[in-house]
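Worksheet: one structure, shown below.
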Amino acid sequence: MPSDFDTFVFDAYGTLFDVYSVRVAADRIYPGRGEALAKLWRDKQVEYTRLISLADPSGAHGSRHYMTFWEITERALDFSLRALGLDASRKHQSELMAQYERLSAFPEVLPVITKLHKAGHQLFILSNGNQAMLDKAVTSAELSGLFHRVIGVDALRQFKILPAVYDLIFQANPVPRERVLFISSNGWDVLGANWYGLNTFWVNRQGLPFETLGPVPNFTGRDLGGLLALGAGQG
């Protein structure tokens, strides 16, 4: 049961922060096109991280093609606007990127994280995001001080789901692997963590079937409240 774990490691984008919340700002700029833009932007963002990692997965100092998650997000936005035939002016891109810096947290995030923190659990974020980007997101969501550490991939210069990324958990917190629960809403991220050998909790916000490539998550919930329902918030 999750109450047996003392270290909880959260993915950030899509798990704590709603990457599709940018559709509100996008709809204001491009009426009726916000949802399509938000979806394509996210898909292309994730695709670019995979391309960079796959092009040079074993580089001793990270990928030669590495660029920060912020830069990738900018490139993905530029592509998505052009692909959808929308005005890709610098003004509009800057406005949307500013919105990405302060993505909305999902409604249950603050109360659940606060309860886990008060119960004495070790809380971490492990994200493809670069440090400056993550720090701004955590501050904007009023989550500052609740995590023991926010871990980005800057130093590694690679992205999930390479095993070296999940290694960062134990470099930051050398505890037995069985004491760690990894939490993500991204099925591909949960799958990567499963293959790595972590216990996992899949936040299935969209009510989708899990990936059919490998082992299923240890636990599943519709939102982070599922952690508390399984006893994770007990001190």
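The values are calculated or read from the model by the stated rules, or taken from the named source; none is laboratory data. These numbers come from a predicted model, not from an experiment. Glycine gets a Cβ as well: all are built from the backbone with ideal geometry, and neighbour counts include every protein chain shown. Just so you know, the surface numbers come from the protein's heavy atoms only, side chains and all, with ligands and any DNA or RNA stripped out. Shrake-Rupley method; radii C 1.70, N 1.55, O 1.52, S 1.80 Å.
Just a few scattered comments:
- Subset of segment 22-47 that is buried (at least 16 other Cβ atoms within 10 Å of the Cβ) and of a type in the set (Gly, Ala, Ser) - its residue that is farthest from Ser94 (Cα to Cα): Ala36
- Among the criteria (1) of a type outside the set (Ser, Thr, Tyr); (2) modelled with pLDDT under 95; (3) touching a Gly at 6+ places or on another chain (Cβ under 8 Å), the one Phe69 does not fulfil is (2).
- Count of segment 92-142 residues, restricted to those that are among the charged types (D, E, K, R) and within 25 Å of Gln158 (Cα to Cα), is 4.
- Whichever residue in segment 96-119 is closer than 13 Å to Phe10 by Cβ, in contact with a Gly (Cβ under 7 Å, 6 or more places away or on another chain) and among the aliphatic types (A, V, I, L, M) and, among such residues, is surrounded by the most Cβ atoms within 10 Å (Cβ to Cβ): Leu116
- Note on segment 120-137: residues that are surrounded by fewer than 16 Cβ atoms within 10 Å (Cβ to Cβ) and in contact with a helix residue (DSSP H, G or I) (Cβ under 8 Å, 6 or more places away or on another chain) amount to 1.
- All positions within segment 48-70 that are under 16 Å from the mean Cα position of the chain (by Cα) and either open to solvent by 70 Å² or more (accessible area, probe 1.4 Å) or in contact (Cβ under 8 Å) with a residue 60 or more places away in the chain (or both): Thr49, Arg50, Thr68, Phe69, Trp70
- Residue count for segment 66-95, restricted to those that are out of contact with any helix residue (DSSP H, G or I) (no Cβ under 9 Å at 6 or more places or on another chain) and either among the aromatic types (Phe, Trp, Tyr) or closer than 16 Å to Lys44 by Cα (or both): 3.
- Taken together, Tyr166, Tyr100 contain a single residue that is of a type in the set (Ser, Thr, Tyr), under 17 Å from the mean Cα position of the chain (by Cα) and over 22 Å from Asp223 (Cα atoms), which is Tyr166.
- Which numbered condition Ala193 fails, given (1) more than 14 Å from the chain's Cα centre (by Cα); (2) closer than 25 Å to Leu54 by Cβ; (3) of a type in the set (Gly, Ala, Ser); (4) part of a helix (DSSP H, G or I): (1)
- All conditions in (1) open to solvent by 10 Å² or more (accessible area, probe 1.4 Å); (2) touching a residue at least 60 places away in the same chain (Cβ under 8 Å); (3) not basic (Lys, Arg) hold for Val19, with the sole exception of (1).
- Qualifying position, being without any contact (Cβ under 8 Å) to a residue 24 or more places away in the chain, open to solvent by 40 Å² or more (accessible area, probe 1.4 Å) and more than 21 Å from Leu224 (Cβ to Cβ), among Pro163, Pro176: Pro176
- Restricting Leu143, Leu86, Leu77 to those that are under 21 Å from Asp223 (Cβ atoms) and surrounded by 15 or more Cβ atoms within 10 Å (Cβ to Cβ) reduces the list to Leu143.
- Failed criterion for Phe210 (all others in (1) in a helix (DSSP H, G or I); (2) over 21 Å from Asp4 (Cα atoms); (3) not polar (S, T, N, Q) hold): (1)
- Selection from segment 179-188 of residues that are farther than 18 Å from Tyr48 by Cβ and in contact (Cβ under 8 Å) with a residue 40 or more places away in the chain: Arg179, Val180, Leu181, Phe182, Ile183, Ser184, Ser185
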